[in-house]
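Student: Right, I'll just put the structure down here and ask away after.
The values are calculated or read from the model by the stated rules, or taken from the named source; none is laboratory data. Worth saying up front: this structure is predicted, and the values here are computed from it rather than measured. Every residue, glycine among them, receives a Cβ derived from its backbone with ideal geometry; neighbour counts consider all protein chains shown.
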Amino acid sequence: MFGFGTQELVVILVIAFFIFGGKKLPEIGAGLGKGLRSFKEGLRDVQSEFNREELDMNPESGKSPEPVQPAKPDITRS
């Protein structure tokens, strides 16, 4: 996950706890979760619109194109 190990994530969470306090962290997490969900839905909408446009431009195929799968990130460490 972005090259962060467990120790780095714990340090970041402790610093965030000191900065924002225990009451704000759940609110911040919920906001981040909603933002990520909205971003993913937007990507799906753009992808489906692209697939529809591709089908409109190529009607002789007679079938809907295969959905484009997003590239999986390389999570191996170097």
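Student: Identify the single condition in (1) at pLDDT 90 or above; (2) surrounded by fewer than 10 Cβ atoms within 10 Å (Cβ to Cβ) that P73 does not satisfy, given that it satisfies every other one.
Tutor: All conditions pass for P73, except number (1).
Student: Which condition from (1) out of contact with any helix residue (DSSP H, G or I) (no Cβ under 9 Å at 6 or more places or on another chain); (2) surrounded by fewer than 10 Cβ atoms within 10 Å (Cβ to Cβ); (3) modelled with pLDDT under 85 is the one that K63 breaks?
Tutor: Single failed check for K63: (1).
Student: Out of E54, E41, report the one residue that is at pLDDT 90 or above, in a helix (DSSP H, G or I), more than 22 Å from I12 (Cβ to Cβ) and among the acidic types (D, E). Before the answer, list the steps.
Tutor: Working: E54 fails: at pLDDT 90 or above.
The match here is E41.
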